[in-house]
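Below you'll find the structure, written out as structure tokens, and then a few comments.
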Amino acid sequence: MAEKAYITPNVLKWARETARFTLEQAAKKITGLTPERLTKWEEGTELPTIKQAETLAKAYRRPLAMLFLPDVPYDFTPLNDFRRSGSKDLSTAAVFILRDIQQKHSWISELQRENEEPVLPFVGRFTLNDEPAIVAQDILRTLDIDPEAYQQKEPIREWMAKAEAAGIFISRTSFVHSRLPLDSDEFQGFAIADPHAPFVFINTEDWDKAQLFTLVHELAHIWIAATGISSEIEPATAQAPNTNPIERFCNAVAAHALMPDRIMASLIVSQFTHSGAIAQIAERYGVSSWALLVRAHGRGLVTDAGYHSMKATLDKEFKEYMRALAEKDKAKERSKGGPNPYLLRLNKNGRLFTQIVLDAFRGGVIQPTLASSLLNTSVNNFSKFEAIMYR
């Protein structure tokens, strides 16, 4: 007879609920398990076997030992939710990503403090009382970025490299694993504004041009020390009346940083009368045509009527572009078998974070099990990370 696991019932229930699994969803993780029997485990009238407890712990992304604690343990403090009221509830995938990044942040922040690393002066340098354009200028100056002279073809890569060089940890992914994709309608990004270890997460389920705006929006969160989850990240004109004031401010900062006044002052009205011309300018600065149109409208380069007419045109072209892109991606995956899994994992962990963990592991500062847990891969595959990082 299989050995029983004397787990703590209310801890088992807490683990399921914090993973955002219903009884029905959790029961499907074990062959033959019914929601009714799982309820008995959570009430303490029956016990699972060790193997069954291990399966549920893995599904809930909790250590098995946690299920044996005498009571519900301390967990990470939920991040502030800056999304509009009525936004989608965060799914299991979102909860797992938040937890993963918080675990990474907790470890790296403690390491930085133990090493007596100086705090980063730009974290919390400004408040909502400051002008968004001033905050944007400080971000550009601190990161040494000039939107008129990007050094890389894809501006987002330059922004990420400069942000990590300044000590900001960047993580990007569109899934927890193949069966748990993220939804950009739930959230587009979040920031942890810790002066020792600031983190930015970008949901890459969102389309590529929107990701740069999300990145700079989240950097603005760090500059005003506003830790939290974001959605509806978009230029100012498009925002709904009930958008959180912090989100409105960070959107304005992002618009000013990516499309500074000096750039907008060099543009003329005739450049906004044709979608092709708008797309060409937008491509140069790594933003969407729509973001550029909104910024131009705000500066009086486009009339109200012209804005609404061009927006309809851009919306139609965008939908056609996304359909074509989806077909192209499907064809690419069929022909190449999908993207490099280690590159995807490197993006998820972040290059700066991965480098620090590898250095700590190589230097004997942390044990192999911890390094493996932090990077979500076995120690035997660390060399594959390093091969990609130094290309």
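Just a few scattered comments:
- The accessible surface of the range 5-161, taken with every protein chain in place and a 1.4 Å probe, is 50 percent carbon and sulfur.
- Each eigenvalue of the Cα gyration tensor of the chain, multiplied by 5 and square-rooted, gives one semi-axis; in descending order these are 41, 24, 21 Å.
- The coefficient of translational diffusion for the range 1-134, derived via Stokes-Einstein from the alpha carbon Kirkwood radius under 25 °C and 0.890 mPa s, stands at 138 µm²/s.
- Most to least accessible of ILE229, ILE246, ILE134 (protein chains only, probe 1.4 Å): ILE134, ILE246, ILE229
- Diffusion coefficient of the range 141-215 by Stokes-Einstein, Kirkwood radius over Cα pairs, 10 °C, 1.306 mPa s: 119 µm²/s.
- When only alpha carbons are used to place a centre, the range 357-391 and the range 115-158 end up 29 Å from one another.
- Just the protein heavy atoms count here, and of the accessible area of the range 187-313 at 1.4 Å, carbon and sulfur take up 55 percent.
- A cut-off under 14 angstrom between Cβ atoms defines the neighbours of ARG345, and their net charge, with Lys, Arg +1 and Asp, Glu -1, is +3.
- The range 162-251: equivalent-ellipsoid semi-axes (sqrt of 5 x gyration tensor eigenvalues, Cα, Å): 19, 19, 11
- Residue pairs, from the table LYS162/LYS348; LYS348/LYS384; LYS51/LYS348; LYS58/LYS104; LYS58/LYS348, whose Cα atoms sit over 25 Å apart: LYS51/LYS348
- Percent of Cα-Cα distances greater than 26 Å, calculated over the range 127-277: 24
- The 1.4 Å probe gives accessible areas that order THR354, THR369, THR31, THR8, largest first, as THR31, THR369, THR8, THR354.
- Across all C-alpha atoms in the range 256-325, the radius of gyration and Dmax reach 11.6, 35 Å.
- The range 87-136: translational diffusion in µm²/s, Stokes-Einstein, Kirkwood Rh over Cα pairs, 25 °C, 0.890 mPa s: 174
- Excluding ligands, DNA and RNA, the accessible surface per residue across the chain is 49 Å² with a 1.4 Å probe.
- Sites excluded, GluC sites (Glu not before Pro) in DSSP loops with at most 12 other C-beta within 10 Å, longest stretch of the chain: 149-391
- Given a 1.4 Å probe and the protein chains as shown, VAL123 ends up with an accessible area of around 20 Å².
- Across the range 228-289, the convex hull enclosing all Cα atoms gives 103 Å³ per residue.
- Hydrodynamic radius of the range 63-169 per Kirkwood, over alpha carbon pairs, in Å: 17.8
- Taken as entire DSSP H runs, the helices of the chain that both span 24 Å or more between Cα atoms along their own long axis and average -0.5 or more on the Kyte-Doolittle scale are 92-114.
- Scaled radius of gyration (Cα, divided by 2.2 N^0.38 Å) that the range 9-59 gives: 0.97
The values are calculated or read from the model by the stated rules, or taken from the named source; none is laboratory data. It should be emphasised that the depicted structure is a prediction, and the values quoted were computed from it without experimental measurement. Glycine also receives a Cβ, built like all others from the backbone with ideal geometry; neighbour counts cover every protein chain displayed. Keep in mind that these areas ignore ligands, DNA and RNA; they rest on the heavy atoms of the full protein, side chains included. Shrake-Rupley method; radii C 1.70, N 1.55, O 1.52, S 1.80 Å.
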